[in-house]
Amino acid sequence: MNQTIQKCRAVAVGLALLMAAGLSGSAFAQLGKAPDEPQTRSRAETGATKPCVECHEGFYAITKTKHGVKGDARTPAATGKSITGDPADAMCGACHGDLTEHNKKPRTPGLVPVTFGKKSPAEPQNEACLACHEQGSRIHWKGSKHEQTKQTCASCHRMHASKDPVMVTETQASVCFECHQDRRAELHRMSTHPTKTGFFGCSSCHASHGSTTRASLQKNTVNETCYQCHAQMRGPFLWEHRSAQDDCTNCHNPHGTNNAPMLKTRLPYLCQQCHQDGGNHSSTAFGGKTLPGGANFAANAQRVVGNACTNCHMKIHGSNHPSGARLQR
Amino acid sequence: MKQKISAPLRRRTVVIAVGAALAALAATPSLADTMLTARLFRDSDVLFRDADMARWSDNYIELGVGYNSHDSYRFGQFSGLTDKGGFPLAGFNWLSRDEANDAQYWQVYGSTLGLDSRKLSAEGGIQGKWTASINYDRITRSQWDTTSFIHDGLGSNNLTLPSTFVATLGADDTAKINPRLRGYNIEQERDIYRVGLAGFLGKEWDFKVNYREDHRDGTRLTGLPYNFGGGRAVIVPYEIDDRTRQMEAILSYTTRVAQLQVGYTYSKFDNDLNSFNVRNPFTNTAGQTEGRMSLAPSNDFHQVYANAGYNYSKNTRLTGKLSYSIARQDENFLPYSANLATGAAGNVPPRTSLDGKVVRSLLEVALTTKPMDKMNLKVAYQYNDSDNQTPVANYTYLSRDATTSSTTTMRRNAPLSTTEQKFSVDGDYEIAAKTILRAGLERKNLKYSMDDKLYQNPADRDYTNTDKASIELRRPVSDEFLGSVGYTYTQRRGSEYDKNNYFENTYWNPTFRSQNRLTAHPSMRALLYANYNEDRVRTSGNWTASETVSLQGAVDNYRRKAKGPNCSTVVDPAIPATLSATLPDTCLGQTLAEGVSVSLDVQWQPAENLTTFAFGNYGETETTQKGRTWVRGAATTLVGNTAGNLNNGWSADVLNRDATIGVGLKWQPEERWDVGGTYVYNYGTGLSSVRTGTGIVPAETSMPENWNRLNTLQLFAKWDYSKQLSWRFNYLYENLQSRDWAYDNLTATSIDQVLLTGQNSPRYSNHVFGVSAVVKSW
C-alpha cells in the first residue's frame, strides 16, 4: 500500500513538473525570436576594416557544414549579422558575439566576446551553443558529469570542420579517448565490442550530454542499454539469474577484458563470488591440480576447463525451460 | 605456496609516484588547444578507415585491392577478413548540399564494401524542414576456427548421431569419438537495417521516428548436460536465427525557456527457434537419448517517456524525466523432458506459457542552480521501480531431461521486484581563479521484494543503502598545466540477512525445508548485496610543455573491502542457533577488490609537417575471495563447516594486468604526400592464485598464468596525384599470441565428463597489404 502511495506521489509530482514546463514554455516562446534587423551591414556602417576570411581562411570550412546553410532559418548563417559587408561573415558573430571591435583592432586580445577552446571559460561557450541546442539529448546537459567537470561543446565537437569526428562512428572513440585514456587501452584486450573496426561507438551506450543514468547511459538502466542489441537477454525469464537481471556489469566489463566474453573475472571464480552451495560442487576449491596431469583433474576438470561452470549451467542469463531452475536447460 | 601476486604496496607506490610526478609537473609552467593525437592516429583499423577525416567529408569513390597473408578467424573477428588471399577495397562518399538557397541536401556513404563487414547509408532532405535516412550495417563475428564436433546437422537446431551410436569418454575415444570429429567454424552475422524520418512542425515542434531491425544468424557454442550416460555434457554449436525490431517516435517542443520531449519506444525480439536438440552420445538406450535446451524466448518491450527542461532563470534550471515501461514474455513452454512423450503424465508444466511481465516506472527531477557567482549546485532525486508481475507456480524439476522426478525437488519460480530511490547533492565553488573545488553526496536505497519471503536465499536482503561522498579539486597551476585530484568514498550497508532460510531461492518442498537441509551456505555474502567500503582516488593532469609538446596523464586507484571477519579465523557458529551473530558481515565470497590504471599521452610536433604521438597505460585489477568446501548434511548439520572442519577453507586471488603502449607519427614530406604509421603493443596476464586449508586433500595450487600479447603495426601513405585523384597504400601487420588453461593442451576427449571442442587459445600472425585509387572532389 505504502509503495502504491509512493508511486502515485512520484507520478503526480512528475506530471506537475512536466505541465509546468510545457505551459511556461509557451509563455516564453517569444524570447527565442531574433529581432528583424538587416543581416549584412557595410564596413562604412560598422567601422570594420576587412572581411573575416582575410585572417581566418582555415575556418571557412564551416560554410560547408550544416551551420553554414542559409536556407535553414535556424542556422548561424541565416541568423547572424555580418559587420564587414561580406555575407559569409554573418555566421561568425552568431556564435562569437559582436566582433566589431575585434575587427577594428585584430591584434588586441580580449575583444572577441566568446572564444571556443580549452583556455576560455566554459560557461559562455556552452551558453552560445545551448542557445540553439538545449533540446533533445542536451536537456540533461546542465548538471551532467561533463558539464560539472567544465567540459565545453568544443572539447569534443569541431564546429568548423565539414565533418565532425565525434559524429562519425568510425572516429568517435578516438575523440573520447583524449580524456578517457584507460578506455583506449581496454580496447586492445582479448574480448571487446567491435569498436576498433568502427561499428560500435561510445554513443552506442553513453549519452555524453548527460542522462538520468549512472555513467550517462542512453537508457534508464544498464540492462536497458544492453538490451538494445542483446534483446535475447531481456526475458522476463521463468528462472532468473538475479545478478544478470540486476545489472549486466555485475559480471561483464563492456569496455573489454582478457576474460571472454568480457567477464570481469575468470570462471569458475566469478561464479563462486556468489555461489558456494552445499550438496554439489560450487564450494569446491579449484586450482592448478584440476588441469591435465593434476590430482584433481579427473574429478573436477569439467567445472574448470572449456566453458567451466557454463559447461552445464549454460543458461546463465536466465532460463525459460520449466525444468531450468538450475539454468541447465 | 602462494605465488606473489598481491602487491598493494607496489601499487600504492606506483600511484603515489605518478601522482607525485603529475604534481611535480604542476610546479612547472595551458592546455593544448587540441590533443590531436588520437584524432590523427586513430587507434583502430587505419588500414580501412584511416585517420583522414577527408574520407568522411570529401566526395570520393575509392577502389582498390588488398591481400591478406593467412587464414585466421580471430584476426578477422569483426572485419570479416578471415581468409587468406585477395579482397576488394571499395568505398564512397557523396554529399551534396545547397547552402545558399533551399537547404536541400543528400548524402550517400559506403565503407569496406569489399569485406563481409560493411556499411551503406543514404540520407537526404531539406535542412530545417525534414530529413530521411536509411542505413545498412553488416557486422560479422568470426569466433572459432579450431573447433571440432562429432554430431551431424551442425549449424541447425537438431544435432543427430547414428541411432546405434554410443560412446564412453575415455574408453571409446579412439574407436568411436575421434574418428567422427570434424571441424566446424563458429561465427555469427548481424545485419542491421535502419530507417529514420525527422521533421519540423512549425518553429517550436519537431518529430523523429526511427526504426531499426537486427537479424542475427549463425552459431554459438553452448554446453548441454545429460542425465543419462553418466551425467556427462557436450559442447556444441547451437543455431541462432532471430530478429529484433525497435521503433522510437519522439515529439519535441523547444523554446529558449522550456524543452519537452515525449517519446515511445517499442522493441520486439523474435526467435525463430525455441529449442535446440542434441542426441546424447553417451547412451543409445531408448528413452534416454535426447537432450534439449530452451533458446532465448521471444519477448517485447513498450516504453513511454517524457524528458523536460525548464529554465526558471538564467541561472536556475529544472529538468525531469518520467518513464513507464512494460517488458513481456509469453513464449510457450517446452515439455519437462525430451525423453518423455509430449503431453504424457509428468511431462506437462502447470502453465502453457509464463505470461511474464515486468513493469518499470522511473521519475527523476533535478534542479541545477548558481546560488552565487562562483558556485554551482545540483540537487536530484530519482525513483526507479521494477515491479515483476510474473505469475508464480510450482514446477517439476526433471534434471537434464531425466524421466522421473521427486517431489523434494519441486521448484517454485521466485520473481524479484526492486524499488530504488536515490537522492544526490553536487556542488562546486571557485575558491580561487580557475581553481574549483567540487563535492557531492549521494544516498541510494534499494529495496528487494519477492512474492513470498519463504523463498529468500540466506544471501538475500530486504534492502541495501549505498552512501557516496566525493570531493575533487581542479587547479590550473599555471597557464600550461591543469591538474585535478579527487577522492570518493562509498559504503553499502543493509538489512539483516534472513537466518531462517538456507535454501536456494526456488526450493519449494515443505518437507525438505522442515529438515533444515541447507542448499546455500549461511555465511555467503553475495557480491550483489554485500556490505562494503570503497575508496577511490583519481588524479589527472594536462601539461602543455611548449608549443610543440603536450602531455596528459591520469591515475585511477580504487580499493573495495567487503566488511566482515576473515573466514580463516572466525569459527562459524552451530547451525542454526547462534547464526545471527556473524550474519551481517562478509565471510564467504568476494572480500576485496582493488584496481589501478595509469595512463600517459604525449604529443610532440617537431616540425610543422611532422606530428608524433605516444601513449601508455598500465591497468591492474585484483579480487580476493574466500571459500569453504562443504557438503549439505541430512538435517541441520553443515558438514565441513563445523569448528573442527574450518581447515576446509580456501581463498583465491585473481589478478588481471595489462600494459599497452603505442607510438605513431604523421608526416607530410611534401604537399602531395601524407605518410604515417602506428605501432601498438599490448601485453595482458591473468593469474589465479589459490590457497587451501589443511583439510582439503590434496591441497590445491595456483593456476598457471594466462597471457596474451598483441603487436600491431600499421603504415599508410597517401599520394595526391592530382586534385581529383589520390592513391592510398596501406600495410597492416598484426601478431597475437595467447595462452589459456581453459583450452590449451585439451583435446575433445581430454576429460571424462564433457566432450570438449579441442579449440585452442587464439594466435595468429597476419600481414595485409592494400592499394587503392581515390577519385574525389568532383
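Things to note:
- Under 16 Å from the A:His206 label point (7 Å along Cα→beta-carbon), backbone N, region A:128-162: A:141, A:144-157
- Among the protein heavy atoms, those of B:Thr342 account for about 120 Å² of accessible surface (1.4 Å probe, every chain in place).
- Mean Kyte hydropathy of -1.0 or more with a Cα span along the axis of at least 18 Å, helices from DSSP in chain A: A:2-28
- Pairwise FRET efficiency - B:Tyr679 versus B:Asp241, Cβ, R0 = 56 Å, nearest 0.05: 0.85
- Cut-off 9 Å between beta-carbons: net charge of the residues surrounding A:Cys176, Lys and Arg +1, Asp and Glu -1: +1
- Along the axis of the charge dipole computed for region A:43-104 (Cβ charges of +1 for Lys and Arg, -1 for Asp and Glu, origin at the Cα centre), the listed residues A:Ala48, A:Pro87, A:Ala73 are led at the positive end by A:Ala73.
- Net lengthening on full extension, B:Ser449/B:Leu610 (0.36 nm per residue, minus Cα-Cα): 51.7 nm
- For A:Lys81, the amide hydrogen comes within under 5 Å of the amide hydrogens of A:Gly93, A:Ala94, counting only partners 5 or more places away or on other chains and with H modelled in the peptide plane.
- Using R0 = 22 Å, the C-beta based FRET efficiency linking B:Asp152 and B:Glu290 works out to 0.90.
- Distance between the modelled labels on B:Gln737 and B:Trp778, one decimal in nanometres: 5.0 nm (7 Å Cα→Cβ projection).
- Shielding score for B:297-305, defined as the mean number of other chain Cβ atoms within 10 Å: 4
- For A:Lys105, a cut-off of 18 angstrom between C-alpha atoms picks up these lysines, skipping any fewer than 8 places away in its own chain: A:Lys50.
- Kirkwood Rh, Cα atoms: Rg over Rh of region A:43-104: 0.95
- Selection from B:Thr254, B:Thr316, B:Ile192 lying farthest towards where the dipole of region B:128-331 points positive, charges on Cβ: B:Thr316
- If the chain linking B:Val359 and B:Leu725 were pulled fully straight, counting 0.36 nm for each residue of separation and taking away their Cα-Cα distance, it would gain 126.0 nm.
- Full extension of the chain between B:Lys563 and B:Ser765 yields a length gain of 68.0 nm, computed as 0.36 nm times the residue separation minus the alpha carbon distance.
- Relative contact order, percent, chain A [alpha-carbon distance under 8 Å, six or more residues apart]: 10
- Solvent accessible area, Å² - B:Ser546, 1.4 Å probe, full protein context: 50
- Contact order, relative form, for region A:43-104: 34 percent (alpha carbon pairs under 8 Å, 6 or more residues apart, mean separation divided by residue count).
- Remark: the Cα gyration tensor places region A:237-311 in the oblate category, a/c being 1.5 or greater and a/b not exceeding b/c.
- Net charge dipole, chain A: roughly 760 debye, given to the nearest 20, about the Cα centre with Cβ charges of +1 for Lys and Arg and -1 for Asp and Glu.
- Exceeding the 24 Å Cα-Cα cut-off - candidates B:Lys268/B:Lys357; A:Lys196/B:Lys468; A:Lys315/B:Lys176; B:Lys314/B:Lys434: A:Lys196/B:Lys468; A:Lys315/B:Lys176
- Solvent-accessible area buried by pairing A with B, both sides, nearest 100 square angstrom, 1.4 angstrom probe: 15000
- Taking a straight Cα-Cα cut-off under 17 Å and skipping sequence neighbours fewer than 8 places away in the same chain, the lysines within cross-link reach of B:Lys776 are A:Lys64, A:Lys163, B:Lys718, B:Lys723.
- Note on exposure: A:Cys226, A:Cys55 ranked by accessible area (1.4 Å probe, complete protein assembly) read A:Cys55, A:Cys226, with the most exposed listed first.
- Comparing Cα centroids, region B:258-290 and region A:72-113 end up 59 angstrom apart.
- In this label model, B:Asp479 and A:Tyr60 are separated by 3.0 nm, measuring between points 7 Å along each Cα→Cβ vector.
- Using the Cβ-Cβ distance between B:Glu671 and B:Tyr211 with R0 set to 60 Å, the FRET efficiency from 1/(1 + (r/R0)^6) comes to roughly 0.85.
- Listed residues A:Glu54, A:Glu147, A:Glu127, most fluctuating in chain A (Gaussian network, C-alpha, under 10 Å): A:Glu54
- Whole-angstrom gap from region B:138-177 to region B:322-364, using each part's C-alpha centre: 31
- Across region B:750-757, coupling constants 3J(HN,Hα) worked out from phi with the 6.51/-1.76/1.60 Karplus curve, θ = phi - 60°, read 5, 10, 6, 9, 10, 7, 7, 10 Hz, and Gly and Pro carry x.
- Per residue, in Å², the accessible surface of region A:237-311 once ligands and nucleic acids are set aside, probe 1.4 Å: 29
- With all protein chains modelled, accessible area of B:Asp479 [1.4 Å, Å²]: 110
- Projected label distance in nm at B:Lys84 and B:Val65, using a 7 Å step from Cα toward the beta-carbon: 1.8
- Cα centroid separation, region B:398-439 to region A:263-329: 23 Å.
The values are calculated or read from the model by the stated rules, or taken from the named source; none is laboratory data. Here the structure is a predicted model, which means the values were calculated and not measured. When we count neighbours, we look across all protein chains shown, and the Cβ atoms used for this are built from the backbone with ideal geometry, even at glycine. Each accessible area value is taken on the protein alone, full model and side chains, heavy atoms only, with ligands, DNA and RNA left out. Shrake-Rupley method; radii C 1.70, N 1.55, O 1.52, S 1.80 Å.
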